[in-house]
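J.: Could you have a look at this structure, given as structure tokens, before my questions?
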Amino acid sequence: MKISHVICVVIMLVSSSSLFGQTKSDSLLIKETALNYIEGLWTNNYERMEKAIHPELAKRVIRKDDKGNYRLSNMGYSELLFYTKTLTPNDEKPEEPFKADVIIFDIASDIATIKITQNKYSFFDYVQVGKISGEWKMINWLWANTK
């Protein structure tokens, strides 16, 4: 009797995992969302940025002052759009075209975890993305400087 319970549980887990798994369509839409964010920032295209981000986003970085004290620095929707419209990046390698990479670590149900890197800014992003009303939106960030 106990073996049949174990088999039933295994069958339920295997059959339900396809309900929450990664689909090719979701992967492509998540990557498009991430590229709208990072390419929108690079090209000062706030319309692309708006397509990518949720209005209640939380973008955070860990900062350390000259005395060794740590704090979290927060950025919200309006500040990210402001930077998208006004930021002029210092392009240290103008001969290289802009290149971004998106790694999808996990997709489960309507959420995903991704990493975004690129060759023009001195930072990378870890982002949680959510599917809301059929659209993938970037909601939570933790990012770090690379220099």
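J.: Please determine whether any residue of the range 102-110 is surrounded by fewer than 14 Cβ atoms within 10 Å (Cβ to Cβ), at pLDDT below 95 and in contact with a strand residue (DSSP E or B) (Cβ under 9 Å, 6 or more places away or on another chain).
T.: For the range 102-110, residues surrounded by fewer than 14 Cβ atoms within 10 Å (Cβ to Cβ), at pLDDT below 95 and in contact with a strand residue (DSSP E or B) (Cβ under 9 Å, 6 or more places away or on another chain): present.
J.: Working only within the range 64-108, note down all residues that are among the small types (Gly, Ala, Ser) and farther than 26 Å from Leu29 by Cα.
T.: Gly68, Ser73 - these are the residues of the range 64-108 that are among the small types (Gly, Ala, Ser) and farther than 26 Å from Leu29 by Cα.
J.: Any idea how many residues of the range 117-137 are part of a strand (DSSP E or B) and more than 8 Å from the chain's Cα centre (by Cα)?
T.: 10
J.: Please go through the range 22-35 and give me each residue that is charged (D, E, K, R) and either open to solvent by less than 90 Å² (accessible area, probe 1.4 Å) or at pLDDT 95 or above (or both), ordered by number.
T.: Of everything in the range 22-35, those that are charged (D, E, K, R) and either open to solvent by less than 90 Å² (accessible area, probe 1.4 Å) or at pLDDT 95 or above (or both) turn out to be Asp26, Lys31, Glu32.
J.: Given the criteria in contact with a strand residue (DSSP E or B) (Cβ under 7 Å, 6 or more places away or on another chain), open to solvent by 40 Å² or more (accessible area, probe 1.4 Å) and either modelled with pLDDT under 95 or on the phi > 0 side of the Ramachandran plot (or both), does Ser122 qualify?
T.: Yes, satisfied.
J.: Anything in the range 70-96 that is open to solvent by less than 100 Å² (accessible area, probe 1.4 Å), within 23 Å of Glu32 (Cα to Cα) and either modelled with pLDDT of 95 or more or of a type outside the set (Asp, Glu) (or both)? List them, or say none.
T.: Answer for the range 70-96, where residues must be open to solvent by less than 100 Å² (accessible area, probe 1.4 Å), within 23 Å of Glu32 (Cα to Cα) and either modelled with pLDDT of 95 or more or of a type outside the set (Asp, Glu) (or both): Met75, Gly76, Tyr77, Ser78, Glu79, Leu80, Leu81, Tyr83, Thr84, Thr86, Leu87, Pro89.
J.: Within the bounds of the range 91-108, is there any residue that is under 21 Å from Tyr46 (Cβ atoms) and in a loop (DSSP other than H, G, I, E, B)?
T.: Looking through the range 91-108, at least one residue is under 21 Å from Tyr46 (Cβ atoms) and in a loop (DSSP other than H, G, I, E, B).
J.: Mind checking which pairs have a first residue in the range 73-84 that is farther than 13 Å from Glu56 by Cβ and a second that is open to solvent by 30 Å² or more (accessible area, probe 1.4 Å) and among the aromatic types (Phe, Trp, Tyr), Cβ under 8 Å, 6 or more apart or different chains?
T.: Short answer, once both residue conditions are applied: Leu81/Tyr46; Thr84/Tyr46.
J.: Considering only residues that are surrounded by 12 or more Cβ atoms within 10 Å (Cβ to Cβ) and touching a Lys or Arg at 6+ places or on another chain (Cβ under 6 Å), look in the range 45-68 and name the one that is farthest from Ile139 (Cα to Cα).
T.: Top of the filtered list is Tyr46.
J.: Please state which one of Ile38, Ile114 is part of a helix (DSSP H, G or I), surrounded by 15 or more Cβ atoms within 10 Å (Cβ to Cβ) and aliphatic (A, V, I, L, M).
T.: Ile38
J.: List the number of the failed condition for Ser133; all other conditions in (1) in contact (Cβ under 8 Å) with a residue 12 or more places away in the chain; (2) within 23 Å of Asp26 (Cβ to Cβ); (3) exposed (fewer than 14 other Cβ atoms within 10 Å of the Cβ) hold.
T.: In the conditions (1) in contact (Cβ under 8 Å) with a residue 12 or more places away in the chain; (2) within 23 Å of Asp26 (Cβ to Cβ); (3) exposed (fewer than 14 other Cβ atoms within 10 Å of the Cβ), Ser133 misses (1) alone.
The values are calculated or read from the model by the stated rules, or taken from the named source; none is laboratory data. Small disclaimer: the values here were computed from a predicted structure and weren't measured. Counting neighbours? That spans all protein chains shown, and the Cβs are built from the backbone with ideal geometry, glycine included. Surface areas here come from the heavy atoms of the whole protein model, side chains and all, with no ligands, DNA or RNA. Shrake-Rupley method; radii C 1.70, N 1.55, O 1.52, S 1.80 Å.
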